[in-house]
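Derivation of every value follows stated rules applied to the coordinates shown; laboratory data play no part. This one's a predicted model, so the numbers in the text were calculated from it and none came from an experiment. Here the Cβ is made from the backbone with ideal geometry for all residues, glycine too, and neighbour counts use every protein chain on show.
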Amino acid sequence: MTDLLAARWLFGASLAFHIVFAAVGVAMPLFMVLAEWRWHRTGDDVHLDLARRWAKGTAILFAVGAVSGTVISFELGLLWPRFMAFAGPIIGMPFSLEGFAFFAEAIFLGIYLYGWDRVPPRLHLAAGAAVAVSGAVSAFFVTLANAWMNSPAGFRLAAGRAEDVAPLAAMFPPGWSHEVLHVLLSSYAATGFAVAGIHALLLRRKPGNAFHRAALGIALGVGGLAALLQPLSGDLSARQVAETQPVKLAALEGHFRTQRGAPLLVGGLADAEARETRFALEIPYGLSLLAFHDPHAEVKGLEAFPRDTWPNTLLVHLAFDAMVGLGTLLALVALVGAALAWRARGVPTARRYLTAVVAAGPLGFLALEAGWLVTEWGRQPFTIRGVMRTAQAVTPVSNLTVPFAGFMLLYVFLGVMVGLLLWRQIARAGDAPAAQVVREMP
Amino acid sequence: MTTADLLGAVILAALVAYALLAGADFGGGVWDLLASGPRKAEQRRLVEHAIGPIWEANHVWLILVVVVLFTGFPLAFAAVSTTLFLPLVLLLVGIVLRGAAFTFRTYDDHDDRIQARWGLVFSASSTLAPLLLGLVVGALASGRLRVGADGVPLAGQLAGFSFFTLATGLFACALFAFLAATYLAVEAEGPLAEDFRLRALAAGVAVFTTAAASLALSRSEAPLVFAGLTARRWSLLLQLATGAAAVTAFGALLARRPHLARAAAVAQVTLIVIGWGASQYPYLVVPDVTLASASGPRATQVALLVALAAGAVLLFPSLYLLFRVFKGERPFSVVDRRPARRA
């Protein structure tokens, strides 16, 4: 393994690990505060019990998210010092502002978790709301930095150096709003379905359990709504990518030859050597329609761009189709759920529907990871599109396979422990009456 | 004063906050590791109780330092990351394990053996992290991290390790343990308070010993810092003030006046961090990277200062609330007030 490859693997693994906790950190506080809010409204202790259980889960996940995020902030320099030396002052603003959002998250989560008996109820609820808002704001700022790597703006390139840096223009590069929207929705959808899947599983075991039904209502409500909106946001993003990042669009669609009325290729293997996508399902005019909302629009193929600026077509196309396919499934499950909820005037708990929700549980995070791979692989071989190649950004430090192996072990260990602890929390939940649970709390 | 100087001052201030807050959290972990005597379990419980609600917020000061560094001084960030790759990776491992183990212990089974296992990971990594932090600071000051004009390290990966940086690592460890013990001596009651008073005294001796060793070694291994610490008039003044704070803290512990000891320890640590910054000013990495040479564009530095000021308006009231809620029973400067006094 070369040092460049080890650096990419280490950074990729760190992000793939962190992104799960980051998404949970955006959505979970919202669920928890919604549960507490319902408790205030209804006075039903089931909602209080739920808020406290979810708060514990949030505490575990947030702590791992905080430390794994710290790893990434250091790894930016440890692995990509040349990228940071160039881009630091251009994308530093969103990161700095994210620092304050992170402060707010940590402060108000501390108050929320440890303040049940120390602050007045309304302040407690407000602290939870502050965690939920600052989590979303954090994701907003971090995504701005990623949007800049995809569509660099706010500077002039002169002899390999950035001149005339305009930090505000760099903070809001073309396409920032689409990417931010897509990321936020994916966080709510992925977390919502994961949580809903767990409670649906337990509801199948203990039908009629009020605790799990309340949990399912909130998680599926928020997650389902996000999953229904996500295809619309995806459409906005695709058209944005078509306009500003045509190479990425061509790669993620497995589209090699520039043509008018381009078909949409579903699935298949995009072979860069043969310059064709094999075994794909072709939908005539589909790509032109999707990318430009015009069946006869011309869509640039990969061949319109120099070969050494192509990403790995095979992986990008597969990851893209995985994201779209999984997202579509989630939207369908959400749609069916909405119809059932409408008919039942309540949380849908039909056994077969619960089975579908259980099956959909992990799909949101799979779609989220696939989508993240699409945008990162799709930008290769560049780390800053059109400005700096990933190979130019890497550290001169050697033997990177050693830290790579070390961090992989660490992530596996943390992942297993988080899974075990969460499962223990969940398995115990919903049996004890709320009042008793409240007394057990630290 | 240039914008670079102002940003340098912000970084130093954030490091002071990090040392006073997160430093004490690490120090708490050291006392978890060294818990002993008949009240071993109570000592550990007090540490857990003291840092539980606040450690994550305290940790963010480090993130703030990192982002301000790479936004304002990108070349310094690149230089530090490449020359200190190995200690920084180890520091990260310490930070990750500390935070994860502390949280896992809180939410895992209350079975004694499981608790003890997580406790060991938590306390060992709490000791490792400040050791590496002190080592990194010592290395930055040592003058051995030579960096080429393009940020490429000229020194080997082991340049950060020397007897001097070992001494500064141990010094940081001792200092954080001392700070934590003076805080805990106030927060504890009865015989537990006495436990931490004695621990603070012992740590005070360790602080003095490791500080003396660092100073002695800096003469040969970090000559610029030695010169900065001893030759300039204002730095001598800082040294005197630090010494006075240290003597006051030690004396107050002996006189069983824990509140005074805590205030003096806070002053002492603040002065030490400022003294370090002053002694290596204007260098970020001695002797090749300065505030000016590492600076990014001025437009960014100005925007960053504005953003920091705006963020501070949100941050400080929130922090005040946090400390007011959890440390509120103890009178401690601005962050808390006795509820009785408000009534």
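Add -39500 (n - 2.57) for each DSSP H run of 4 or more in chain B, then divide by its residues: what number comes out at 222 nm, to the nearest 500 deg cm²/dmol?
One gets -27000 deg cm²/dmol as the mean residue ellipticity at 222 nm.
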* Once you've got the GNM for chain A with C-alpha springs shorter than 10 Å, pick whichever of A:Val416, A:Val33, A:Val266 has the biggest mean-square fluctuation. => A:Val416
* Computed FRET value (nearest 0.05) for A:Arg204 with B:Arg324, which takes r as the C-beta separation and R₀ as 51 Å -> 0.65
* Asked: Can you tell me the Rg and Dmax of the stretch A:174-398, counting just the alpha carbons, in angstroms?
  -> 19.9, 62
* To do: Could you work out how far apart the two model spin labels at B:Glu194 and B:Arg146 are, taking each label as a point 7 Å from the Cα in the direction of the beta carbon, and quote it in nm?
  => 5.8 nm
* Asked: Using a Gaussian network model of chain B with C-alpha springs under 10 Å, which one of B:Tyr281, B:Tyr18, B:Tyr320 is most mobile by mean-square fluctuation?
  -> B:Tyr320
* To do: Please identify which residues in the stretch B:237-255 have an amide N closer than 15 Å to a label point set 7 Å out from the Cα of B:Val205, following the Cα→Cβ vector.
  => B:250-251, B:254
* Estimate the FRET efficiency between A:Leu168 and A:Asn399 by the formula 1/(1 + (r/R0)^6), using the beta-carbon distance for r and 56 Å for R0, to the nearest 0.05. => 0.90
* Remind me, relative contact order of the stretch A:120-191 in percent, using alpha carbon pairs under 8 angstrom and six or more residues apart? -> 32 percent
* Structure fact -> CD proxy, 222 nm, chain A: helix-only mean residue ellipticity via -39,500 (n - 2.57) per DSSP H run with n ≥ 4, per residue, nearest 500, stands at -25000 deg cm²/dmol
* How well do other chains shield peptide B:314-324, expressed as the mean number of their Cβ atoms within 10 Å of each residue Cβ? -> 4
* In the stretch B:1-157, how does Rg compare with the Kirkwood Rh, expressed as the Rg/Rh ratio over alpha carbon atoms? -> 1.05
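Kindly state, to the nearest 0.05, the FRET efficiency for B:Leu237 paired with A:Val416, given R0 = 60 Å and r defined as their beta-carbon distance.
So, using R0 = 60 Å, E works out to roughly 0.65.
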* Structure fact -> Under the 7 Å Cα-to-Cβ spin-label approximation, A:Arg428 and B:Leu120 lie apart by a distance in nanometres of 2.3 nm
* C-alpha center-to-center spacing [the stretch B:286-311, the stretch A:332-396] in angstrom -> 38 Å
* Fewest to most neighbouring Cβ within 10 Å: what's the order for A:Ile72, A:Ile90, B:Ile114? -> B:Ile114, A:Ile72, A:Ile90
* Asked: Between the stretch B:183-202 and the stretch B:105-141, how many Å separate their Cα centres?
  -> 21 Å
* Asked: Which whole number gives the average count of other chain Cβ atoms within 10 Å of the Cβ atoms across peptide A:383-396?
  -> 1
* **Additional length obtainable on full extension of the chain from A:Arg307 to A:Met1, 0.36 nm per residue less Cα span** => 107.8 nm
* Taking a cut-off of 21 Å between Cα atoms, list the lysines near A:Lys248, but don't count ones fewer than 8 places away on the same chain. => A:Lys300
* Structure fact -> Check: C-alpha center the stretch A:1-44 vs C-alpha center the stretch B:20-93, spacing in Å is 22 Å
* Report the label-to-label distance for A:Leu315 and A:Glu282 in nanometres (one decimal), using points 7 Å from each Cα along the Cα→Cβ vector. => 2.9 nm
* Structure fact -> Correct semi-axes for the protein assembly as shown, from √(5λ) of the alpha-carbon gyration tensor and rounded to whole Å with the largest first, are 45, 36, 21
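Using Cα pairs closer than 8 Å and at least 6 residues apart in sequence, work out the relative contact order for the stretch A:174-398, in percent.
25 percent
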* Net charge near B:Arg144, counting Lys/Arg +1 and Asp/Glu -1 over other residues with Cβ under 13 Å of its Cβ? -> -1
* To do: Specify the residue with the greatest mean-square fluctuation among B:Ser142, B:Ser214, B:Ser36, computed from a Gaussian network of chain B linking alpha-carbon atoms under 10 Å apart.
  => B:Ser36
* To do: Quote the Stokes-Einstein diffusion coefficient, in whole µm² s⁻¹, for the stretch B:3-332, based on the Kirkwood radius over alpha carbon pairs, a temperature of 10 °C and a viscosity of 1.306 mPa s.
  => 78 µm²/s
* Structure fact -> Expressed as a whole-number percentage, the relative contact order of chain A with C-alpha contacts under 8 angstrom and at least six residues apart is 20 percent
